[in-house]
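Single-structure report; data block below.
Where a number appears in this text, it was derived from the coordinates with a stated rule and is not lab data. Computed from a predicted model, the values in this text were never measured in an experiment. Reconstructed Cβ throughout: ideal geometry from the backbone, glycine too, with neighbour counts over all protein chains shown.
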Amino acid sequence: MQIEIKANMKNVTKKFGEVVAVDNVSLEIKEGEFLVLLGPSGSGKTTLLRLLAGLEQLTAGDIYIEDNLVNDLPPRHRNIAMVFQNYALYPHMSVFENLAYPLKIRKRSKEEIAKRVREVAEVLKISELFKRRPKQISGGQKQRVALGRAMIRKASLFLMDEPLSNLDAKLRVQMRAELRRLQKSMDTTTVYVTHDQAEAMTLADRVAVLNNGVIQQLASPEEVYFHPVNRFVAGFVGSPQMNFFTGSYEEEKIKTDYFEYPLPPEVVKKLEKNGNVKKIYFGIRPEDVTVSKIEIEGAYKATIYVSELMGAESFVFFTIGNSVERFLSRTSPDFRGDMDESIWVSFKEDKIHIFDYDTDAAIT
């Protein structure tokens with residue numbers, strides 16, 4: 001079955017004076033998908049969304065929505081719906097009136113409006129709030145109403161700019177689940193901006209990781225996490241972030257200032273195929289670092305800097321040899337360790353990552 005492209009950004013660039021906010025980005029948005037634009041502050045993710053919405057003018061490139069070139073169209077003519085960080089509900093209107101407003105200004109019948117409002121409210125579980133004003137409902141309820149108002153009409157694209165960032169941690173988790181169910185049940189095409197990788201990993205069909213105005217990787221959350229294409233993606237996606245060691249490739253081993261790591265044959269093949277690779281970064285995620293109080297063959301002696309019990313898991317910060325750098329293992333809550341206690345650490349062989357020192361590109 002052919003997948004329809006709902007929107008297409010071709011060689012899009014946006015400059016603010018001499019600052020390049022979005023740098024020659026090309027991006028296809030598939031019908032019905034939940035696409036997350038993920039990146040740190042200043043990465044270009046919000047600017048990219050605003051270009052798609054028509055809230056910023058292109059410096060170069062083209063934007064198509066449903067095969068229509070929209071470069072010069074204002075937002076109201078692009079058939080999009082938007083939800084931003086601030087709820088922007090009309091304070092003098094009831095919840096029902098806020099939900100109905102986008103349909104009312106489009107001259108829909110009272111019957112159609114009532115039917116559509118009930119449908120959306122049922123999905124969002126806000127039917128009991130119909131008669132209340134925004135000042136009479138909680139932050140989480142306001143956000144649900146704002147989402148409902150955006151999704152009340154059949155827009156080509158739903159654009160969301162950090163809509164959950166004003167909620168507390170518990171509400172954010174609840175709203176992530178509700179938002180995902182709502183998007184799937186209504187079969188909407190959604191582009192969602194966030195700096196929060198937990199939101200990206202849980203919500204997205206695909207994640208576009210941005211940095212310096214460039215898409216670093218565009219893939220499923222699983223692909224981005226387990227197979228990052230470069231050191232930026234590897235370090236940005238994952239909490240706690242990946243451990244990195246600077247080293248060199250010699251005699252089928254990775255040699256760092258703290259240890260030598262013999263490589264499995266399949267990794268050696270990749271490195272040899274890559275040509276004259278010498279200096280590298282060796283990466284390993286905290287959950288792939290095993291810690292033990294008993295000496296294990298092939299493990300490296302380390303010293304606990306501090307051990308933190310997090311409830312369902314423990315974070316063990318450690319140093320190796322004479323290192324001043326601290327590294328991290330994410331391990332079982334059963335592990336108990338004291339500061340300055342000696343331990344042994346090892347790395348899961350099939351989980352190591354090697355990056356080119358000069359380009360930061362992933363080799364394995």
Cross-link reach list, aspartates and glutamates versus LYS14, counting only Cα pairs under 20 Å and skipping chain neighbours closer than eight places: ASP23, GLU28, GLU56, ASP62, ASP72, ASP161
Most exposed first, judged by fewest Cβ atoms within 10 angstrom, LYS253, LYS135 run LYS135, LYS253
Would you please classify the overall shape of the range 87-138 from the alpha carbon gyration tensor, given that a ≥ b ≥ c denote the square roots of the eigenvalues, rounded means a/c under 1.5, and beyond that prolate means a/b larger than b/c while oblate covers the rest? oblate
If you place +1 on the Cβ of every Lys and Arg and -1 on the Cβ of every Asp and Glu, how big does the dipole about the Cα centre of the chain come out, in debye to the nearest 20? 2520 debye
Return the subset of LYS45/LYS170; LYS30/LYS142; LYS45/LYS135; LYS255/LYS351 for which the Cα-Cα distance in this structure is over 20 Å, preserving the input order. LYS45/LYS170; LYS30/LYS142; LYS45/LYS135
Quick check: the angle from helix 139-151's long axis to the longest principal axis of the chain, C-alpha only, nearest 10 degrees? 70 degrees
Shape verdict for the range 230-305, please, from the Cα gyration tensor: rounded (a/c under 1.5), prolate (a/b greater than b/c) or oblate. oblate
Treat every Asp and Glu Cβ in the range 4-56 as -1 and every Lys and Arg Cβ as +1, leave all other atoms uncharged, and give the resulting dipole magnitude about the Cα centre to the nearest 20 debye. 120 debye
Ratio of Rg to Rh over the chain (Cα coordinates, Kirkwood Rh, two decimals): 1.06
What is the order of THR46, THR319, fewest Cβ neighbours within 10 Å to most? THR319, THR46
For LYS110, give me every one of the lysines with a C-alpha distance below 20 angstrom, ignoring sequence neighbours fewer than eight places off in its own chain. LYS131, LYS154
